[in-house]
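Trainee: Quick one: the structure is below, questions incoming.
The values are calculated or read from the model by the stated rules, or taken from the named source; none is laboratory data. Please read these numbers as outputs of a predicted model, since none were measured by experiment. Backbone-built Cβ (ideal geometry, glycine too); neighbour counts: all protein chains shown.
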Amino acid sequence: MKALYKKENGMKVDLLRKGCKVLMAGLVVGTGLALVKPAAAEAASSANQVGWQYNELFRNQYHYSAAKNWLNDPNGLVYDDTTNTYHMYYQYNPNGNSWGDMSWGHAISHDLINWQEQAVAIPMLDKQADMDFTFKNTTGQFTKEGKNGQVHYLGQPRTDWDGGNGKKYIFSGSTVLDKENKSGLGKNTLLAYYTSCFQMPTRWDDGGEGGMGSWFGMSEVQEQHLAYSTDGGQTFKQFDGAKSVADNMAGLANQKSPKAIIPVTAISSLAGIDAKDFRDPKVVYDQAHGQWLMVVVAGQQALIFKSDNLIDWTYTSAIQRQHDSGIGVWECPELIPMTVKDSTETKWVLTMSVQDHAYASGSGMQYMIGDMNAKGTWTPATEKTLSKPNWLDYGEDFYAGVTFGNTGDRRIMMSWESNWKWTDLQKTTPWYSHMTIPRELTLVADSKYDGGYKLMQAPIPELDQANGEKTVIPALNKGTVTPDKGTVLTGDMHDANAALVTNYKGTTYKIESEFTWDEATKPTALGMYVRGTDGFDRKLFVGYDFGPQLAYVNSLQTGDKDSLAAGRDHTNTFIPNTGKLKLTALVDESSIEVFVNDGEKTITQVFYYRPDNLGGPTVKTDQLGFYVEGGADKKATVQHMVITPYRSMFGNIQNQTADIEIAQGTNFNPLTYLQFTDTLGDGTTTIPLVTVKDNQVNTAVTGAYSITVAVTNSAGKYQEFTIPVKVVNK
């Protein structure tokens, strides 16, 4: 169920956030809307029924997900400082819970954590005009068997191959807040650069069939388009690249079937190019040289274009992929100018997503350090930079990450928390997938890394500031407390004998700890158990293996047979044994993000505690603990332990109704007794909408009765409560 709004002066106003308390059986008074229960819900006394909106099994509570349907790559991340609004656009299927009908979904936030879903920002292009162009492929299917790659595309675009539906997908891209009206489309206009993807009737450019060319079949084409918003990023107009800015502004351009601003023909004949893998434009301002740069992937390379007006783009150079460990095409590139910490030096970090054979398996992200010149040429730091890139994350579920624009010196990245190899295993409904928590990137000098620099990552502080509750210092049921408030754990304290946290249980939190050890008595492994069952029969490990010197996340004991049978457990990273290790884990309902040694390495992993594997839906996975392995003569000290519980971005509806007792024969109006509050993710307390669904009370007869009420908050979260009522003889 969506949040309820009305319009005031053309702006959507959230009725619920304005504190409206509306109580009437079956209807929401003052809105004219019936408050109905989602189709999947079932009447019950539980206040957290699986299937109710935003209470569903596996729904993360402080990682963003759409209310329903498929999402993947974050797109167009930008901060609008004129309205203090962060925009997150993303790949979205408005019509289903699997990949397809790709459009730009949209959510906004004022703190980067608590997101409010908006209407689809850029829908698929429909009823597209016929196209007629030639293109010379220099790689791919058109260059096999001695073919010269020259083809003729002629006919109507479509996304259903032989069906001919006349549509174009809206693929990934980026946005720019045009603060100085460089484009001529208006000051503070939001410019959205995206890839259109479609199939075309394809012929060989050989003069056959009356000059049209000999028939080949259907093949895919991708081009770079521009759309622009003058209403704060809510809706976008298409920019027709065949017309001037003035004509577009005057409505004289074809905005229903727009031409690309960088058509695929702009890269015809370039080495290593075909028409089907030219996508994901990311635009950034090059302050040192006073120019805008756009990086676009094209198969096994990245192409750089430059512009001084954000409309007209000139090709400058290519970054050729070397023989790194990933396979498949590059995707979602970004060139990020970053000042090295504690210096004035600027380096350009190239980030890239690889489709398969990433470090942990399946898809993943890499980064490479280099420099940018005035000509728009990126130079890698060393000869090994491109052939041996660094991994941005060592888990299986960190992909398509890009940074927010217009955030000053801050570099804040958000990624898709999934993996193309495992999308069929997640089985969530009615939504698919989440985003990661935004991370702040810092470039640090370190001679151990290629080029002498490494990227550090940390959860943005807004997470604690906006959604964090009072911190908890864990109390453990075993171990020897040291004078400096550490706790010594021995190597027999693991599994059922682990050191249990006795003063906190939960499923959505951050846990931090620091381990130290002596080399002579070091254990074989140590770490934290999170999301454990009673006795830790089921648990997630966040730990360190001393033999290979690997920090790891281990989901083998979650019981998720579907995922683990597919080999989905390769999440570790090398960390040298220095006698000390810091582990920070962000834990949510179905994902974990681990930051090792303050973010020198990270591991992001999706997991599923499926009820069938746990022994039923009532088995809880809210225990935390610390473990050490290797035998009783081994030991390690854990200290600086802190747990930060996190509120849900969807709110926390609480029943404040006192026990209801009424006198026999009294006229009973439930609405005068019911009291509910809702604490939103940012800590704001509001009063949600309440309706009475079922009233079984008969005041003529003494006895025990109940009423069932439905409650919906401003985020659209839906819950039902059964309230006991006593009719007594007074």
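Trainee: Looking for whichever is of a type in the set (G, A, S), assigned to a loop (DSSP other than H, G, I, E, B), surrounded by fewer than 17 Cβ atoms within 10 Å (Cβ to Cβ) and under 41 Å from the mean Cα position of the chain (by Cα) here; the options are A658, A700, A715. Which one fits?
Mentor: One residue alone meets the criteria, A658.
Trainee: So, one more: When you scan the range 273-310, how many residues do you find that are over 29 Å from the mean Cα position of the chain (by Cα), surrounded by fewer than 20 Cβ atoms within 10 Å (Cβ to Cβ) and outside any strand (DSSP E or B)?
Mentor: Of the residues in that region, 5 qualify.
The rows are residues; the columns are (1) closer than 30 Å to E462 by Cβ; (2) without any contact (Cβ under 8 Å) to a residue 60 or more places away in the chain.
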| residue | (1), (2) |
| --- | --- |
| I660 | no, no |
| A663 | no, no |
| T677 | yes, yes |
| Y705 | no, yes |
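Trainee: From the set of residues in the range 209-236 that are surrounded by fewer than 20 Cβ atoms within 10 Å (Cβ to Cβ) and among the charged types (D, E, K, R), which is nearest to K167 (Cα to Cα)?
Mentor: Per the stated criteria, the residue is E220.
Trainee: While we're looking at this one, here's another question. Quick check on my filter: what residues within the range 341-359 are surrounded by 22 or more Cβ atoms within 10 Å (Cβ to Cβ), out of contact with any Phe, Trp or Tyr (no Cβ under 6 Å at 6 or more places or on another chain) and farther than 20 Å from V444 by Cβ?
Mentor: Of everything in the range 341-359, those that are surrounded by 22 or more Cβ atoms within 10 Å (Cβ to Cβ), out of contact with any Phe, Trp or Tyr (no Cβ under 6 Å at 6 or more places or on another chain) and farther than 20 Å from V444 by Cβ turn out to be V354, A358.
Trainee: Same structure again: Name the single residue, out of those in the range 533-552 being assigned to a strand (DSSP E or B) and in contact with a helix residue (DSSP H, G or I) (Cβ under 9 Å, 6 or more places away or on another chain), that is nearest to A632 (Cα to Cα).
Mentor: Only one residue tops the list, namely F541.
Trainee: Given the range 312-407, what strands (runs of 3 or more DSSP E) lie entirely inside it while holding 1 or more residues that are under 17 Å from the mean Cα position of the chain (by Cα)?
Mentor: In the range 312-407, 327-339, 346-356, 364-372, 399-403 are the strands (runs of 3 or more DSSP E) which contain 1 or more residues that are under 17 Å from the mean Cα position of the chain (by Cα).
Trainee: If the requirement is being farther than 30 Å from N95 by Cβ, buried (at least 22 other Cβ atoms within 10 Å of the Cβ) and in the same structural domain as M294 (by TED's automatic domain parsing), which of these qualifies: Y449, Y394?
Mentor: Y394
Trainee: If you don't mind, there's one more thing I want to ask. Scan Q61, Q49 and give me the residue that is assigned by TED's automatic domain parsing to the domain that holds D682, of a type outside the set (A, V, I, L, M) and at pLDDT 50 or above.
Mentor: Q49
Trainee: Let me ask something else about it. From the set of residues in the range 679-697 that are in a strand (DSSP E or B) and polar (S, T, N, Q), which is surrounded by the most Cβ atoms within 10 Å (Cβ to Cβ)?
Mentor: Applying the filter and picking the extreme gives T691.
Trainee: Would you be able to tell me the number of residues in the range 128-142 that are surrounded by 19 or more Cβ atoms within 10 Å (Cβ to Cβ) and either more than 17 Å from D240 (Cβ to Cβ) or in contact with a Cys (Cβ under 8 Å, 6 or more places away or on another chain) (or both)?
Mentor: 4
Trainee: Of the residues Y194, Y169, which is touching a Cys at 6+ places or on another chain (Cβ under 7 Å), within 30 Å of T407 (Cα to Cα) and of a type outside the set (D, E, K, R)?
Mentor: Just one listed residue meets the conditions, Y169.
Trainee: Test each condition in (1) farther than 23 Å from V402 by Cα; (2) touching a Ser or Thr at 6+ places or on another chain (Cβ under 7 Å) for K237 and report the one that comes out false.
Mentor: (2)
Trainee: Same structure again: Please specify each residue of the range 493-521 satisfying the condition of being over 30 Å from the mean Cα position of the chain (by Cα), in contact (Cβ under 8 Å) with a residue 60 or more places away in the chain and surrounded by fewer than 18 Cβ atoms within 10 Å (Cβ to Cβ).
Mentor: Scanning the range 493-521 gives D495, T516, D518, E519, T521.
Trainee: Another question, if that's okay. Filter the range 461-475 down to the residues that are in contact with a strand residue (DSSP E or B) (Cβ under 6 Å, 6 or more places away or on another chain) and surrounded by 20 or more Cβ atoms within 10 Å (Cβ to Cβ) and list them by number.
Mentor: Scanning the range 461-475 gives N467, P474.
Trainee: Going by the structure shown, is T346 closer than 23 Å to A242 by Cβ and not aromatic (F, W, Y)?
Mentor: Considered against the rule, which asks whether it is closer than 23 Å to A242 by Cβ and not aromatic (F, W, Y), T346 comes out as no.
Trainee: So which residues in the range 242-272 are closer than 15 Å to W313 by Cβ, part of a helix (DSSP H, G or I) and either out of contact with any Leu (no Cβ under 8 Å at 6 or more places or on another chain) or outside the structural domain of K167 (by TED's automatic domain parsing) (or both)?
Mentor: V264, T265, A266
Trainee: Those residues that are more than 26 Å from G683 (Cβ to Cβ), under 19 Å from the mean Cα position of the chain (by Cα) and outside any helix (DSSP H, G or I), I need them from the range 425-455; list them, please.
Mentor: Within the range 425-455, Q426, K427, T428, T429, P430, Y432, S433, L441 qualify.
Trainee: Can you tell me which residue in the range 408-419 is nearest to the chain's Cα centre (by Cα), limited to those that are crowded, with 24+ Cβ neighbours inside 10 Å and assigned to a loop (DSSP other than H, G, I, E, B)?
Mentor: Once the filter is applied, the top-ranked residue is E417.
Trainee: I'd like the residue in the range 201-224 that is free of Cβ contacts under 8 Å to residues at least 40 places away in the same chain and assigned to a strand (DSSP E or B) and, out of all such residues, is nearest to K259 (Cα to Cα).
Mentor: Looking at the filtered set, the residue picked out is G217.
Trainee: Inside the range 277-301, can you point out the residues that are in contact with a Gly (Cβ under 9 Å, 6 or more places away or on another chain), among the aliphatic types (A, V, I, L, M) and free of Cβ contacts under 8 Å to residues at least 60 places away in the same chain?
Mentor: Answer for the range 277-301, where residues must be in contact with a Gly (Cβ under 9 Å, 6 or more places away or on another chain), among the aliphatic types (A, V, I, L, M) and free of Cβ contacts under 8 Å to residues at least 60 places away in the same chain: just A298.
Trainee: Considering only the range 177-200, how many residues are in contact (Cβ under 8 Å) with a residue 60 or more places away in the chain and part of a strand (DSSP E or B)?
Mentor: Here the count works out to 12.
Trainee: Give me the pairs, please: first residue somewhere in the range 470-489 and under 17 Å from Y504 (Cα atoms) and among the charged types (D, E, K, R), second residue anywhere and at pLDDT 95 or above and in a strand (DSSP E or B), beta-carbon distance under 7 Å, and either six or more positions apart or on two chains.
Mentor: Correct list of pairs: K478/A499.
Trainee: Search the range 574-615 for residues being more than 26 Å from the chain's Cα centre (by Cα) and touching a residue at least 24 places away in the same chain (Cβ under 8 Å), and hand back the single one that is nearest to W391 (Cα to Cα).
Mentor: Once the filter is applied, the top-ranked residue is I575.
Trainee: Here is a further query. Of the residues P94, P74, which is farther than 12 Å from Q234 by Cα and either part of a strand (DSSP E or B) or at pLDDT below 95 (or both)?
Mentor: P74
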